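The values are calculated or read from the model by the stated rules, or taken from the named source; none is laboratory data. Given the structure is predicted, the values throughout are model-derived calculations rather than measurements. Using ideal geometry, Cβ is built from the backbone for each residue, glycine included, and neighbour counts are taken over all protein chains shown.
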Amino acid sequence: MEPEAGGALVEARAVSRSYRLGAAEVPAVRGITLSLRRGEFTALQGPSGSGKTTLLNLFGLLDRPDTGRVLIEGRDVSAWHEEGRSDLRRDRFGFIFQSFNLLPVLTAEENVAYPMGLRGVSRRERTDRARELLAAVGLEGKRAVRPDLLSGGQRQRVAIARALANQPAVVFADEPTASLDSKTAEEILDLMLALNEDRGAAFLFATHDARVVARARRVVTLHDGTIARDTAA
Amino acid sequence: MSALALAFRNLARHRRRSVLMGAVIAFGFAAFALAGGFIAQSFEGLRESTIRQVGNLQIVDRRAASGTEQATLEFGIPRGESARKLAASDPAVETALPRVEFVGLVTTGGKSIPFFGIGVDPIPEAKATGAEELLVKGRWLTPENPDGILLGTGLASALSVEVGEGVTLVATSPDGSLNAVDAIVIGLADVKFKELNDRYLAAGLPLVERLLQSEGKVSKLVLFLREGMDEAAAAARLKAAFQSGGWPVEVLPWERLGVFYGQVRLLYAGIFGFLGAVLVVIVILAAAIVMTMAVTERTREIGTLRALGTRPSGVRNMFLAEALLLALVGCAAGAVLSLIVMAALNASGIVLPPPPGGTTGFPIHVKAYPLAYAVGVAAMALTALAAAYLPARRAARMNIVEALAHV
């Protein structure tokens, strides 16, 4: 499923999403139209409550818009059944979370191999590719280590390797540096930039981190659930 | 990584919770296997003793089979010896025993007491039914002692007679005339049921024929089949053969004749069913609580799995696999536990009280019945899966964003 030449990988058309907070309906995203193209390294920035994570979740098919449409490689998937959306996330997307979200019972290598297992990749190929990815993020010596014995930076590296396991078109990263010290955060950022350049996967960040914003090639600023600014470096 | 391997690691990680649920399943399984084994063995013992008493099949006159017989031998089988030979010629039949059932009075002159009598061919009867084992005093009937009779211990006590003493039997013949014969008590028997002990009398067929003037007529033929023979097929063949020979008979299977067996079986089935239902409820509650806790504690992990592309059905199956694995491990532990308890019970020498109407208790003995274990594994696995289904479904249907934000 390759995108049309020059077409958007992921596109939101007039999407809105509200959440119920007690009796009140709180709008998180209001009528946003935004597209992401192949290979982009984009940061969504804005104050807390501006709608960054909500927009990221809508793009990543983790949530559904109340109104509007989300198109993946030209196809409107807003009304797709959960099974189909799961398959699309598995095959085309990678995710990096603020608190790493590694599976605690699996080793670093098994965590990286897990998404490939969902896709039916053979055991040998899973192992080879997981080792190659762990080497790419500098953790070849930690393959058999479980997450609780890794540092925060190492966990995030494993999460990055996992996000790239199925050679995704887009990696969604929600505050990927927020739980890391500044030196480690810089290293992680360097790593993601390198992977973006080497492997061609687009990255979309939701972030408060000025360092991430400074390194992004495109910065979309959100305010009160709408796009205040969209600038390319 | 396979679903079962992942399930195993998750169970190992939450050791305390897994041990709790595993222990409930293990105890439930052990109780099921032990109770099942005990009851199955009781059924088997009761079946054997019932067949020893009533045979595999009985041939009776069609009218007698309908239960409308008013007087002794009113609807008996005439030409008893010919009928016996015909029955014995069937390839499935090992032994055919003629029996006459009759009622009358036994008197010492001073005391007269009603009895329920049975006329038998002494040697084949003893060989096939082990009737000699009922003797508590004296000896079994023999053709050489045609006037000898056996009395139940209760009847002998009521008559105040001992082995070797003479009594007179009085009964009505099939044509309605009253007749009496003298007899000698040669043995006392304990037939295990008090009411029967107080009325039991056994005699050889020649004596009974003299008393009843029955001219070779018998009440029934009791048939013991060879090992592994098809009872229904034999019954059909025999019925056809007897009808061709001019005997309008019914061939009754032992299940229909062993009323006590049927009643005990129903009682035990009720008890076992109730016990099983209690076990299932306990296991369902424990498993549902444990799986609900597991789903709640692992909400964020569920969100991650879903985000990575695990289908809802995959999440559901992961929790079901954990429940199934726990059930299987619990059953394995329960099997070991049941074998230990079984050995302890069998070595304990505990004597259970006599069954309803019985006169003697019996030592507890439990055997390992593979069927009870197989059914136990299936029951525990299905119960654990049923208990885990709702929590697993809840996990599968979780909102991904809310699950990822769960603290």
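Considering the stretch A:196-217 alone, what residues qualify as being over 10 Å from A:T177 (Cβ atoms), crowded, with 17+ Cβ neighbours inside 10 Å and of a type outside the set (A, V, I, L, M)? Write out each step before concluding.
In the first step, residues of the stretch A:196-217 are kept if they are over 10 Å from A:T177 (Cβ atoms); the result is A:196-204, A:206, A:210, A:213-217.
Checking which are crowded, with 17+ Cβ neighbours inside 10 Å leaves us with A:196, A:201-204, A:206, A:215-216.
Within the stretch A:196-217, A:N196, A:F203, A:R215 meet the criteria.
Sort out which residues of the stretch A:106-125 are buried (at least 22 other Cβ atoms within 10 Å of the Cβ) and either among the basic types (K, R) or in contact with a strand residue (DSSP E or B) (Cβ under 9 Å, 6 or more places away or on another chain) (or both), and write them in order of number.
A:P115
Collect the residues in the stretch B:10-28 that are at the interface with chain A (Cβ under 10 Å from one of its Cβ atoms) and farther than 14 Å from B:L320 by Cα, keeping them in residue-number order.
As a first pass, look at the stretch B:10-28 and keep what is at the interface with chain A (Cβ under 10 Å from one of its Cβ atoms): B:10-14.
Across the stretch B:10-28, the qualifying residues are B:A12, B:R13, B:H14.
Among the residues of the stretch B:49-66, is there at least one that is more than 14 Å from chain A (Cβ to nearest Cβ) and farther than 30 Å from B:P248 by Cβ? Break it down stepwise before answering.
Kept after step one, since they are more than 14 Å from chain A (Cβ to nearest Cβ), are these residues of the stretch B:49-66: B:49-66.
Filter again for farther than 30 Å from B:P248 by Cβ, leaving B:49.
Yes, the conditions are met somewhere in the stretch B:49-66.
Go through (1) among the β-branched types (V, I, T); (2) surrounded by fewer than 21 Cβ atoms within 10 Å (Cβ to Cβ); (3) within 14 Å of chain A (Cβ to nearest Cβ) one by one and return the number of the condition B:V315 breaks.
(2)
Among B:L46, B:L105, which is the only one that is surrounded by fewer than 19 Cβ atoms within 10 Å (Cβ to Cβ) and assigned to a helix (DSSP H, G or I)? Step through it out loud before you land on a result.
Values: B:L105 fails: assigned to a helix (DSSP H, G or I).
Of the residues listed, the single one that is surrounded by fewer than 19 Cβ atoms within 10 Å (Cβ to Cβ) and assigned to a helix (DSSP H, G or I) is B:L46.
Pick from B:A396, B:A288, B:A294: which is of a type in the set (G, A, S), away from chain A (no Cβ under 14 Å) and touching a residue at least 40 places away in the same chain (Cβ under 8 Å)?
B:A288
Between A:T53, A:T67, A:T42, which is at negative phi and either crowded, with 21+ Cβ neighbours inside 10 Å or in contact with a helix residue (DSSP H, G or I) (Cβ under 6 Å, 6 or more places away or on another chain) (or both)?
Checking each option against the conditions leaves just A:T53.
Could you figure out which of (1) farther than 30 Å from A:G117 by Cα; (2) touching a Gly at 6+ places or on another chain (Cβ under 9 Å); (3) in contact (Cβ under 8 Å) with a residue 24 or more places away in the chain isn't true of B:A327?
Evaluating B:A327 over (1) farther than 30 Å from A:G117 by Cα; (2) touching a Gly at 6+ places or on another chain (Cβ under 9 Å); (3) in contact (Cβ under 8 Å) with a residue 24 or more places away in the chain leaves (1) as the failure.
Starting from the stretch B:118-142, take each residue that is in contact (Cβ under 8 Å) with a residue 40 or more places away in the chain and list its partners that are of a type in the set (S, T, Y) and part of a strand (DSSP E or B), counting only C-beta distances under 6 angstrom and pairs at least six apart or across chains.
If the second residue must be of a type in the set (S, T, Y) and part of a strand (DSSP E or B), the pairs left are B:A128/B:T95.
Can you tell me which condition B:E255 does not meet? The list is (1) at pLDDT below 85; (2) in a helix (DSSP H, G or I), and all the others hold.
In the conditions (1) at pLDDT below 85; (2) in a helix (DSSP H, G or I), B:E255 misses (1) alone.
Residues A:G60, A:G49: which one is small (G, A, S) and more than 9 Å from chain B (Cβ to nearest Cβ)?
A:G49
Just checking: which of the helices (runs of 4 or more DSSP H) contained wholly in the stretch B:146-219 hold 3 or more residues that are under 26 Å from B:S82 (Cβ atoms)? Step through it out loud before you land on a result.
On the way: elements: B:153-159, B:194-197, B:205-212.
Result: B:205-212.
Looking only at the stretch B:49-65, filter to residues that are touching a Phe, Trp or Tyr at 6+ places or on another chain (Cβ under 8 Å), assigned to a helix (DSSP H, G or I) and not basic (K, R); which one of those is farthest from B:L266 (Cα to Cα)?
Checking each candidate, the answer is B:A64.
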